[in-house]
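Participant: The structure that follows is given in the form of structure tokens.
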Amino acid sequence: MENKLQVRDLTISFRTSNGKVQAVRGINFDLAKGETLSIVGESGSGKSVTSKAILGILAGNSIVEGGEIIYDGKDLLKISEDEFHKIRGDKIAMIFQDPMSSLNPIVKIGRQLTEAMILKGKARQKESRANFNTYMADLNKSMIEAVNGANASELSAKCKNFDQFERKHLDLEGAYNEAHAAASEAVENIEVLAFELEKKGAKDVPYRVNEIIQLAKKSVHEYVVKVNAEKVTALCVELKGEISKIKTPEGDAAKAIAALKELGSILKEAVEKTAPNFFAMGYCLTYGKEALPQVSVEELNAYMRKYLDDNFMLDFIADAKKGLMYSAEVSYKNKETAIAELKKYLPVFEEDHLDEKKCNAALKAMAVAVKATINKLELTKDSLSYTFESGMKDEMNKYFGAEGKNKKAQAKYDAAKAKYDRQVARGKVMDYVVPAAQIIDQELLQKNMIRQIARLVEHYEESLAKKELRDYDAETVAAIDYLKANASGVVNKVTKRIAKRRAIKLMEEVGIAEPRKRYNQYPFEFSGGMRQRIVIAIALAADPDILICDEPTTALDVTIQSQILELINKLKKERQLSIIFITHDLGVVANMADRIAVMYAGKIVEYGTAEDVFYDAAHPYTWALLSSMPDLDTDERLEAIPGTPPNMIYPPVGDAFAARNKYAMKIDFERQPPMFQISDTHYAATWLLHPDAPKVDKPKIITDRIARMKQKGSAQDAE
Amino acid sequence: MQNNQDVLLKVEHLCQYFPMEGGELKAVDNVSFDIKKGEVFGLVGESGCGKTTTGRSIIKLYNITGGSVFFKGIRICAGKRSYQDAMKSAKKEYGEKIKNASSEAEKSQLKAELDQIIVENKAKIKAANFDQKNCDKEYSEELVKKLNASYQPAIEAASGEEKAKLTAQYKDALRKAKKTKLVTQIQMIFQDPIASLDPRMTVRDIIAEGLVIQGERDKKVIDEKVYEMLELVGLVREHASRYPHEFSGGQRQRIGVARAIIMNPDLIIADEPVSALDVSIQAQVINLLNDLRDKFGLTILFIAHDLSVVKYFSDRIGVMYFGKMVELASSEELFLNPLHPYTRSLISAIPLPDPIYEKQRQRIVYNPLADHDYSVDQPSFREVKPGHFVMCNDAEFEKYQSILK
């Protein structure tokens, strides 16, 4: 599976007046595409801090001491704030624990929901056009270079033609989509309204009927509702006449229901029809010599496809492929030189004391070579090459600035320490300790730099080794799809009305009753559960890649919790969303998680699939968590975890959970347990798994529960 | 239902409406139940269904709209709406009948009937108003009477120093008795342990506040009681001088519990006491409430939305949906034979720590319009099986009974 996010040795601490609090201590995990990873732990275990680090919103007094968070080839701990702007909320979205704090109290809900959509729509429009133009220009250039400048003007003209009929295609498709969307929405609305009218429980009827009429009128379009267009208009008029009768539930709704059902069936039929191939149609209408034949949609599609292929597309694809191959060749050649260059300058960074001038010159030379390897026509950007220079520069600045800063820090510490010692010598009892001087570790920085260079070399070598395996046909198709997608971004703009419709739909999706009324309300008019739903709707509006849920349902009741979890699960399946789900409620986790990481005192203590953790938990802390919650068959006394989590200013030497653990052994207080592997997917950090450890049994409450669950499971299988 | 236990709290046709633009919001609509001494009664439902409002109406934080609440047999809340409605409908009926009335005699008879109904209902309204205002006063007067009866003869009989001592004792007790309210024997534990504690008061002041209001002046007595309560809820004496922000969530909730039980209440209304807490701390607080219940025989009205906790903790459970009680049964019975579709949908939504089960779990969706046909026959709250009540109409009643068989 493709890994979306990798977290390696992440260590975060917070400066406080009492000293450094170690919130996260070297955690590792991967997040695959379309997977839910659940992080479970008590409050203060560092789970929220981890998620905030991924989103780059750590508090001001935080120090990222080490590690990396790799998303899309970039290390999120190193990229600039500007780059983060493009990722935060758009690619990685977050649902926070407290809904009130993530809503603006003086802005209406509707505006908060649509704001991002409209802004993003505008930004995307600009960006799409720019992307389209640059990519087209690059492709054109490469195509010409590939054939050594022969028939350059012809190739340019082809590119221009592509642009032209692509626009026509989008106009056509835009109009069709609008009509189609209106029709499908009308079908849904009609079904619900007719059902409610039959049951005499419909509310807000005139508004809804009017809306259906509007939608029905909109769905009249050449390729949607065509044959029955007159019938639809007549039915709309009839419905309008019936409104006064069905205003109250007592009124006679028989006629209205019949009209609604007929309208519904017409629209439903229209919705299910095949859509014409607008891309080909765009070409035929722009450059075709003859009019389109009046045949069924399937035949029309076949005709247009053939026409397009014969006259333009096959040719264009062949040329584009040549261009792509040429550009890749150039890039491979440059990669070879870059490897040599990088290897040549590596020793400069391996010396005992780095020389600033030498280093700068080396970096400059390397950067030029690295930059040359960038293949602009590659759709998946080679982010390592892109970020190489800025990343190195960053480390170098830190390295060469360190000496002075370290001196200052040491001096400050010495002065404070001297004062402290004087006070102690006078016999005063001190209520504070002098925090250690913050010395920048030059060695670590140097190691980082060497690793960056080595990694890039490795990366290039890897890519050269795979040279023969490249599928240029597939790449050409992908490139053309990319062009199409960007072109559609230009036309499909998000107006206020579209945004409102989408927002209302989202509100309905997350289960808010009467969304139209709610749209114009302020956050304080919503209850806690409703607010949380709004926050979820906002997070989903941006259509993110990774969704971080920080206790999203803790404040909600069972039915709504269940609805929201189902919603998140549904979206996960539909959009291949990767989810990090943070919670302390293990019941919720069982439903959501593919894999679970149990955190305690800033460390992951157990890590495995949901089945591993629930049926075969190995760490005493996981046992404690499992046995402290009642389920429907629990009768015995619950086992609460005694004591409180340790003070992380002075993290315990051994296992952090030892003090609250009734299974703790002597070694637990002395040495930290390593991660023991239990199975391919299951790891736990406890000395109990050591081969020399005494055998202990799980608490009875858990074994009983597992036995019950197994029994239930087998009963279900038998059925 | 066992009749050998005393009913501590009896709620009859409780209605709590809030005026809103364009009508009234029926937060609680015709809810009836009773709680026996020493039992835990769970009230579940989704947010906004009126379970918290029910709790607050019982403790008189709102003036209820209709129905009545009896605590230890004394009516503490009384609403007037039902009487007003009765008068209105009688007047309307009279207006229609008078049109059709033929003779003078018939007319005058109708008028007399109407007058009687109005007089009766007006008297009831007056009684309701009186009870609503004066239940506490009556209770304290009763206490004063008892005190007089016990002290007066002793004081008269004694002389000299002893008489002075007795008189002082009597005066102290009298002052307290006069300030004692019946409602203070119902105490509340709130959901949010942070918001329900005054950040500017020490824990001692918070816990002792009720005692001070009730007229206790002896500092030593107050301190002793506060320490006793702190130890009871698993805190230590030293905590008394601290402020709420110095405590963790679970400890704060313990302070809330201590504040409630220092008044020696007969009934505790626990409004989502564990919803805002971590799982491990939830277990601590539930264990604490269980211990206190065993120790003092507390009666608890437990309001929550987490069904596994409610099941674990309650003897009987009432399920509420949009202001109405839809099902009431003992907790085993409710989970074994859920009858009302809403209860079934609630139970189907409970998450369990069992991944395989969870991945198969199908949530049942409750849609009142699709699940019931109330166009002809309106539902009412009926006893399907001894102790098991469901909101249903005739057809459903028969269906449920056949299910139970």
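Participant: Starting at the first residue of the stretch A:577-590, write each ³J(HN,Hα) from the Karplus equation 6.51 cos²θ - 1.76 cosθ + 1.60 with θ = phi - 60°, in whole Hz, x for Gly and Pro.
Facilitator: 6, 9, 10, 10, 10, 9, 6, 10, 9, 5, x, 5, 4, 4
Participant: Can you give the net charge of the other residues whose Cβ lies under 13 Å from the Cβ of residue B:256, counting K and R as +1 and D and E as -1?
Facilitator: -2
Participant: Taking 0.36 nm per residue of separation and subtracting the Cα-Cα distance, what length does fully extending residue B:245 through residue B:296 add?
Facilitator: Extra length from residue B:245 to residue B:296 when fully extended: 15.4 nm.
Participant: On a full-extension model of 0.36 nm per residue, what is the gain between residue A:442 and residue A:127, subtracting their alpha-carbon distance, rounded to one decimal in nm?
Facilitator: Roughly 109.4 nm would be gained on extension.
Participant: Which number do you get for Rg(Cα) / (2.2 N^0.38 Å) in the stretch A:562-719?
Facilitator: 1.13
Participant: First check a/c for chain B, with a ≥ b ≥ c the square roots of the eigenvalues of its C-alpha gyration tensor; if it is under 1.5, answer rounded, and if not, answer prolate when a/b is larger than b/c or oblate otherwise.
Facilitator: Oblate, because a/c is 1.5 or more while a/b does not exceed b/c.
Participant: Under the Kirkwood approximation applied to all pairs of distinct alpha-carbon atoms, what is the hydrodynamic radius of the stretch B:290-405 in Å? Provide the component values of the computation, followed by the final result.
Facilitator: Numbers: mean 1/r = 0.0638 Å⁻¹.
By the Kirkwood definition, the hydrodynamic radius is 15.7 Å.
Participant: Follow-up question, since we're still on this one. Looking at B:290, B:303, B:212, which one has the Cα that reaches farthest to the positive end of the dipole of the stretch B:212-338 (charges on Cβ: Lys, Arg +1; Asp, Glu -1)?
Facilitator: My answer, from the dipole projection, is B:212.
Participant: Ok, one more. What angle, in degrees between 0 and 90 and rounded to the nearest 10, separates the Cα long axis of helix A:109-146 from the longest principal axis of the Cα atoms of chain A?
Facilitator: Around 90 degrees separate the two axes.
Participant: For the stretch B:170-327: lysine pairs with Cα atoms under 17 Å, gap of 8 or more or different chains, count?
Facilitator: 5
Participant: Roughly how tilted is helix A:528-541, in degrees to the nearest 10 and between 0 and 90, from the longest Cα axis of chain A?
Facilitator: Around 70 degrees separate the two axes.
Participant: So what's the stretch A:318-383 giving for Rg/Rh, alpha carbon basis, Kirkwood Rh from the mean inverse pair distance?
Facilitator: Rg/Rh: 1.15.
Participant: I've got another one for you. Within a 10 angstrom radius of the beta carbon, how do A:434, A:7 rank from fewest other beta carbons to most?
Facilitator: With the sparsest Cβ surroundings first, the list reads A:434, A:7.
Participant: Sticking with this structure for a sec: Counting every Cα pair in the stretch B:260-331, what percent are over 18 Å apart?
Facilitator: 41
Participant: Using 7 Å Cα-to-Cβ label points, what is the residue A:101/residue B:363 separation (nm, one decimal)?
Facilitator: Distance between label points: 2.6 nm.
Participant: Continuing with this model, one more query. Number of Lys pairs in the stretch A:576-719 with C-alpha atoms less than 28 angstrom apart, excluding same-chain neighbours closer than eight positions?
Facilitator: Within the stretch A:576-719, the lysine pair count is 17.
Participant: List the lysines whose Cα sits under 23 Å from the Cα of residue A:428, skipping any in the same chain fewer than 8 residues away.
Facilitator: Hits, sequence-local ones excluded: A:412, A:417, A:419.
Participant: Report the charge-dipole magnitude of chain A in Debye, nearest 20, computed about the Cα centre from +1 at each Lys and Arg Cβ and -1 at each Asp and Glu Cβ.
Facilitator: Computed charge dipole of chain A: roughly 2440 debye.
Participant: For residue B:344, what charge total do you get from the other residues with a beta carbon under 15 Å from its beta carbon, if Lys and Arg give +1 and Asp and Glu give -1?
Facilitator: Result for the local shell: -1.
Participant: Tell me the Rg and the Dmax, in Å, that the Cα atoms of the stretch A:1-137 produce.
Facilitator: For the stretch A:1-137, the Cα-based Rg and Dmax read 17.8, 59 Å.
Participant: Sticking with this structure for a sec: Once R0 is set to 45 Å, what does the formula 1/(1 + (r/R0)^6) return for the Cβ-Cβ distance between residue A:517 and residue B:100, expressed as a FRET efficiency to the nearest 0.05?
Facilitator: 0.50
Participant: Anything over 28 Å Cα to Cα? Flag those among A:343/A:407; A:322/A:572; A:78/A:405, in the order listed.
Facilitator: The answer is A:343/A:407; A:322/A:572.
Participant: Related question: Rounded, prolate or oblate: which fits the protein assembly as shown, taking a ≥ b ≥ c as square roots of the Cα gyration tensor eigenvalues, rounded meaning a/c under 1.5, else prolate when a/b beats b/c?
Facilitator: Oblate.
Participant: Using Cα-Cα distances under 8 Å and only pairs 6 or more residues apart, what relative contact order does chain B have, in percent?
Facilitator: 18
Participant: Can you pick out the pairs among A:573/B:359; A:496/A:573; A:240/A:268 whose Cα atoms lie more than 23 Å from each other?
Facilitator: A:496/A:573
Participant: Roughly how many debye, to the nearest 20, is the charge dipole of the stretch B:219-357 about its Cα centre, given +1 on each Lys and Arg Cβ, -1 on each Asp and Glu Cβ, and no other charges?
Facilitator: 340
Participant: Which of rounded, prolate, oblate describes the stretch A:230-272, given a ≥ b ≥ c as roots of the alpha-carbon gyration tensor eigenvalues and a/c under 1.5 marking rounded, otherwise prolate only if a/b is larger than b/c? Provide the component values of the computation, followed by the final result.
Facilitator: Values: a/c = 3.40, a/b = 1.95, b/c = 1.74.
The shape class here is prolate.
Participant: Given 25 °C and 0.890 mPa s, how large is the Stokes-Einstein diffusion coefficient of the stretch B:50-97 in µm²/s, with Rh as the Kirkwood radius over Cα pairs?
Facilitator: Once the numbers are plugged in, D ends up at 200 µm²/s.
Participant: Here is a further query. Quick check: pseudo-label points 7 Å beyond the Cα along Cα→Cβ at residue A:477 and residue B:238, how many nm apart are they?
Facilitator: With each label placed 7 Å out from Cα toward Cβ, I get 7.3 nm.
Participant: Positive end of the dipole of chain A, charges at C-beta (+1 Lys, Arg; -1 Asp, Glu), about the Cα centre: which of A:11, A:495, A:544 has its Cα farthest in that direction?
Facilitator: A:495
Participant: Once you keep just the Cα pairs under 8 angstrom separated by 6 or more residues, what percentage relative contact order results for the stretch A:543-606?
Facilitator: For the stretch A:543-606, the relative contact order is 36 percent.
Participant: While we're here: Pulled fully out, how much extra length does the chain show between residue A:644 and residue A:164, if you take 0.36 nm times their separation in residues and subtract their Cα-Cα distance?
Facilitator: Numbers: separation 480, 0.36 × 480 = 172.80 nm, distance 6.81 nm.
Fully extending the segment from residue A:644 to residue A:164 adds 166.0 nm.
Participant: Between B:373, B:354, B:205, find the one with the highest GNM mean-square fluctuation for chain B; connect C-alpha pairs within less than 10 Å.
Facilitator: Residue with maximal mean-square fluctuation among B:373, B:354, B:205: B:354.
Participant: Hey, another quick one. Compute, for the stretch A:588-683, the length of the dipole vector about the Cα centre, with Cβ point charges of +1 (Lys, Arg) and -1 (Asp, Glu) only. Units Debye, rounded to 20.
Facilitator: The dipole magnitude comes to about 560 debye.
Participant: Given B:49, B:70, B:117, which one lies farthest toward the positive end of the charge dipole of the stretch B:1-120, if we put +1 on the Cβ of every Lys and Arg and -1 on the Cβ of every Asp and Glu?
Facilitator: B:70
Participant: Let me ask something additional. Could you calculate the FRET efficiency of residue B:380 with residue B:231 from 1/(1 + (r/R0)^6), where r is the beta carbon distance between them and R0 is 56 Å, rounded to 0.05?
Facilitator: Taking R0 as 56 Å, the efficiency between residue B:380 and residue B:231 is 0.70.
Participant: Take every Cα pair under 8 Å in chain A that's 6+ residues apart, average their separations, divide by the length, and report that relative contact order as a whole percent.
Facilitator: 23
Participant: Identify the residues of the stretch A:209-239 with backbone N under 12 Å of a label point that sits 7 angstrom from the Cα of residue A:297 along the Cα-to-Cβ direction, or state none.
Facilitator: Label zone hits: A:221-227.
Participant: Taking the Cα atoms only, what angle lies between the long axis of helix A:472-491 and the longest principal axis of chain A, rounded to 10 degrees?
Facilitator: Roughly 70 degrees, rounded to the nearest 10.
Participant: Counting only other residues whose beta carbon sits under 13 Å from that of residue A:193, what net charge do I get with K and R as +1, D and E as -1?
Facilitator: Around residue A:193, the charge tally is -3.
Participant: Averaged across the residues of A:217-228, what count of C-beta atoms belonging to other chains lies within 10 Å of each residue's C-beta?
Facilitator: 0
Rule-based calculations on the coordinates, nothing more; no lab input. What you see is a predicted model, and the numbers here were worked out from it, not measured in a lab. Backbone-built Cβ (ideal geometry, glycine too); neighbour counts: all protein chains shown.
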